[in-house]
Amino acid sequence: MTERSGFLFCADPLRASRPDPQFAEDVAAARAAGGRIALLDHDALLAGDTAGAVARVARDSGPYWYRGWMVPSARYAELETALGARGCTLLTDAVGYRRAHELPGWYEEFDGLTPRSVWGATAPGAPPPSAEELAGLAAPLGPGPGIVKDFVKSRKHEWHEACYVPELGDRRRLASVVGRFVELQGDFLAGGLVLRAFEQFVAGGEARVWWVDGEAVLVTAHPDTPDRHPSPELPSVREAVGRLGLRWVTTDLALREDGVWRVVEVGDGQVSGLPAGAETGELFAALAVAGAR
């Protein structure tokens, strides 16, 4: 790896000179791969203090892979600008981050491999769409159950009140679930509202596949089911990842009841979670090589 390659980790909120202990294993793997470590003040970034957020990043020391907590797309763009002012770059630019991080950005490339989806812009703090507006949004999905989420996250832990709709054609129930979802997300609602057709998956858990420059370099369990390790089929997903054309992404895959592997979610690898105990040496070695190109 060249001298100019690096990894930008979140700093410990209590000891700003050290990496956040949540990412200790990732830091160790990055260092073992020859990576140079820089630290970002994540709290300062979210508060809009971009200069303070990158104050510990040495000038002209990039490019960097970011590795840390989720960042809203607009804040990530500000991070890119702040690093640029210090002569540094991100290996995933702000446009690429948004494409991978928010469902509308990746959906076209994965159409046919992922549940059918529709979406509309909704600002944080705004009232939810009316029942009539929601019915119009849901119409292309046809009858049947559905899922409510925003461009980034669902409320699957509030499954019946703020996530799952037994029948999308039931306007009253759809409006109730959407209203509760919007209420719970509050100011954290990301991008807008998404409705997805519900598909029934087997109970074997999801696999998270880590892709670097179009190659699957690591397959892990999903962080929510760390004890389950399905082995997904990847050829069609590899083609879709290639079409997406982004450097470091993840895909969450689940086996549908009819035996077909489906893409449940796509994410930016920089902010995707790892299950406890995952071995990340190969991943960070691949990132080190890719970052040096």
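Does region 215-234 include one or more residues that are hydroxyl-bearing (Ser, Thr, Tyr) and in contact with an Asp or Glu (Cβ under 9 Å, 6 or more places away or on another chain)? Don't jump to the end; show me each part of the working.
Of all residues in region 215-234, those hydroxyl-bearing (Ser, Thr, Tyr) come to 220, 225, 231.
Those still in the list that are in contact with an Asp or Glu (Cβ under 9 Å, 6 or more places away or on another chain) too: 220, 225.
Yes.
Look through region 128-167, keep the residues that are in a loop (DSSP other than H, G, I, E, B) and among the basic types (Lys, Arg), and return whichever of them is surrounded by the most Cβ atoms within 10 Å (Cβ to Cβ).
Filtering first and then ranking leaves Arg155.
Give region 98-119 a look and list any residue that's acidic (Asp, Glu) and surrounded by 22 or more Cβ atoms within 10 Å (Cβ to Cβ), or say none. So that I can check it myself, show each step before the final result.
Of the residues in region 98-119, the ones acidic (Asp, Glu) are 102, 108-109, 111.
The answer is Glu102, and nothing else.
Just checking, how many residues over region 44-76 are at positive phi and open to solvent by 70 Å² or more (accessible area, probe 1.4 Å)?
Count: 1.
Identify, please: which residue in region 213-257 is assigned to a strand (DSSP E or B), touching a residue at least 24 places away in the same chain (Cβ under 8 Å) and open to solvent by 50 Å² or more (accessible area, probe 1.4 Å) and is, among those, nearest to Gly96 (Cα to Cα)?
Glu215
If Gln185 satisfies every condition in (1) surrounded by fewer than 17 Cβ atoms within 10 Å (Cβ to Cβ); (2) not in a loop (DSSP other than H, G, I, E, B) but one, which is the exception?
(1)
Would you pick out the residues in region 77-111 that are farther than 30 Å from Val194 by Cα and part of a helix (DSSP H, G or I)?
In the first step, residues of region 77-111 are kept if they are farther than 30 Å from Val194 by Cα; the result is 82-89.
Answer for region 77-111, where residues must be farther than 30 Å from Val194 by Cα and part of a helix (DSSP H, G or I): Ala82, Leu83, Gly84, Ala85.
Taking the conditions exactly as written (of a type in the set (Phe, Trp, Tyr), within 21 Å of Pro140 (Cβ to Cβ) and touching a residue at least 12 places away in the same chain (Cβ under 8 Å)), does Phe188 satisfy them or not?
The answer is no for Phe188.
For region 124-132, does any single residue satisfy the condition of being farther than 10 Å from Leu195 by Cα and in contact with a strand residue (DSSP E or B) (Cβ under 6 Å, 6 or more places away or on another chain)? Walk me through it before giving the result.
So in region 124-132, the residues farther than 10 Å from Leu195 by Cα come out as 124-132.
After this cut, where a residue has to be in contact with a strand residue (DSSP E or B) (Cβ under 6 Å, 6 or more places away or on another chain) as well, the list is none.
Scanning region 124-132, I find no residue that is farther than 10 Å from Leu195 by Cα and in contact with a strand residue (DSSP E or B) (Cβ under 6 Å, 6 or more places away or on another chain), so the answer is no.
Determine if region 258-272 includes at least one residue that is surrounded by fewer than 17 Cβ atoms within 10 Å (Cβ to Cβ) and touching a strand residue (DSSP E or B) at 6+ places or on another chain (Cβ under 9 Å).
Applying the first criterion (surrounded by fewer than 17 Cβ atoms within 10 Å (Cβ to Cβ)) to region 258-272 yields 258-260.
If we keep only those that are touching a strand residue (DSSP E or B) at 6+ places or on another chain (Cβ under 9 Å) too, we end up with none.
No, every residue in region 258-272 fails to be surrounded by fewer than 17 Cβ atoms within 10 Å (Cβ to Cβ) and touching a strand residue (DSSP E or B) at 6+ places or on another chain (Cβ under 9 Å).
Test Val178 against the criterion of being touching a Pro at 6+ places or on another chain (Cβ under 8 Å) and either in a strand (DSSP E or B) or at pLDDT below 95 (or both), and give yes or no. Steps first, answer last, please.
Values: touching a Pro at 6+ places or on another chain (Cβ under 8 Å): yes; either in a strand (DSSP E or B) or at pLDDT below 95 (or both): no.
Spelling it out, it is not the case that Val178 is touching a Pro at 6+ places or on another chain (Cβ under 8 Å) and either in a strand (DSSP E or B) or at pLDDT below 95 (or both).
Looking at Ala44, Ala74, Ala51, Ala38, which one is without any contact (Cβ under 8 Å) to a residue 40 or more places away in the chain, within 21 Å of Gly291 (Cβ to Cβ) and not in a loop (DSSP other than H, G, I, E, B)?
On the way: Ala44 fails: within 21 Å of Gly291 (Cβ to Cβ); Ala74 fails: within 21 Å of Gly291 (Cβ to Cβ); Ala51 fails: within 21 Å of Gly291 (Cβ to Cβ).
None of the other options fit; the residue is Ala38.
Has region 184-196 got any residue that is farther than 29 Å from Ala278 by Cα and of a type in the set (S, T, N, Q)?
Yes, because at least one residue in region 184-196 is farther than 29 Å from Ala278 by Cα and of a type in the set (S, T, N, Q).
Out of the residues in region 197-211 meeting the condition of being under 24 Å from Leu246 (Cα atoms) and part of a strand (DSSP E or B), tell me which one is most open to solvent (accessible area, probe 1.4 Å).
We begin by selecting, within region 197-211, every residue under 24 Å from Leu246 (Cα atoms); these are 206-211.
Right, trim to part of a strand (DSSP E or B) and you get 207-211.
On the way: Ala207: 0, Arg208: 26, Val209: 0, Trp210: 0, Trp211: 1 Å².
In this case the residue turns out to be Arg208.
Out of Gly125, Gly191, I need the residue that is loosely packed, with under 15 Cβ neighbours inside 10 Å and on the phi > 0 side of the Ramachandran plot. Which one? Break it down into steps so the answer makes sense when it comes.
Working: Gly191 fails: loosely packed, with under 15 Cβ neighbours inside 10 Å.
Of Gly125, Gly191, the one residue that is loosely packed, with under 15 Cβ neighbours inside 10 Å and on the phi > 0 side of the Ramachandran plot is Gly125.
The values are calculated or read from the model by the stated rules, or taken from the named source; none is laboratory data. None of these values were measured; they are calculated from a predicted model. For neighbour counting, all protein chains shown are included, and Cβ atoms are generated from backbone atoms with ideal geometry for every residue, glycine included. Remember, those area values only see protein heavy atoms, side chains included, never the ligands or the DNA or RNA. Shrake-Rupley method; radii C 1.70, N 1.55, O 1.52, S 1.80 Å.
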